[in-house]
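See structure below.
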Amino acid sequence: MAILWSVAYLAIQLGTPLIRVPLEWVRPATLISTLLWMAVVLGMLSSLARSLERRRWLSPMLLVGGVGLWGLSLQIPHWLGWSAQTMLPFWVHVLWRGISGYFLILGAVGLGALVSWVVREKNLLVPAIPLAAAIDTLTVFAPKGAVRQIAEKAPEVIEKASVAITASPTAVGEVTQIVPIALIGVGDFVFLTLYLACLYRFGLRVRATAIGLFAVLWLYLMVVAVGIMPALPGLVPMAVVVLAVNWREFQLSRQEKLASVLTMTAVLGLIGWLFWR
């Protein structure tokens, strides 16, 4: 199944940008294409997470192989003498960017599956998930956060370490140039795989969680795609969905519940303050 989902992902990522539509169709076509993109990505990550959970020895191989191929793909423009002034066929850019992003996702999936090994019991997810969301929010929104600093000083690093969503049909008559509607950082794929692997491991509500993630992350993605917000921390909606859908599955003592509520209250307060700023 992972192979079929991968083929579907590459078909959408590589094929959709080549479609030409009238200008008035671009926005609804973008909504539909990103809807398909999110569904296929979640299907691919879920399938890979399940496979890696059954065959753990594949996780380090996928990490090394994915990162290695991604690194090699970044050298292709240099090897072929591409530059900002080089006018290349549109389909060449589509092919290179799509395959490079796919390799990056594979490396992130391998890393996420490896990191998930440290989670030995499901109750550990309750404090860990909101903490990860808080850290992600800090890196994105804090004035001295890592993402903001890199975006200001070395934006090319953000572009290379992100998966470009180019599933936006171009209007007929426009200059054929790829302009991603959104960039998803590698960390989001790492943690999404981590959560999915844990859901399979502990027998939690995988299907219901995947449906919730699909709806919330697609809406989240569209907020960025239409320009309402330039960037958003992806781990926040993931945390809300994973904990909300599976809350009854956790067996917490009264003390653990109190500690969890206090932790989540503090995290939500921090996230709300950063969003307001």
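The values are calculated or read from the model by the stated rules, or taken from the named source; none is laboratory data. These numbers come from a predicted model, not from an experiment. Counting neighbours? That spans all protein chains shown, and the Cβs are built from the backbone with ideal geometry, glycine included. Note: areas computed on protein heavy atoms with side chains; ligands, DNA, RNA excluded. Shrake-Rupley method; radii C 1.70, N 1.55, O 1.52, S 1.80 Å.
I need the peptides 94-101, 215-222 ranked by packing, meaning the mean over residues of other C-beta atoms within 10 angstrom, with the highest value on top.
94-101, 215-222
What spacing in nm lies between the two simple spin-label points modelled at THR265 and VAL115, each 7 Å away from Cα in the Cβ direction?
For THR265 paired with VAL115, the spin-label model returns 2.8 nm.
Given R₀ = 22 Å, FRET efficiency for ARG205-ARG254 by Cβ-Cβ distance, to 0.05?
Taking R0 as 22 Å, the efficiency between ARG205 and ARG254 is 0.40.
When the chain is fully extended, how far beyond the present Cα-Cα distance does TRP25 get from LEU58, taking 0.36 nm per residue of separation?
Roughly 7.6 nm would be gained on extension.
Which order do you get for GLU249, GLU24, GLU53 if you rank them by accessible area with a 1.4 Å probe, largest at the top?
Highest to lowest solvent-accessible surface, that is GLU24, GLU249, GLU53.
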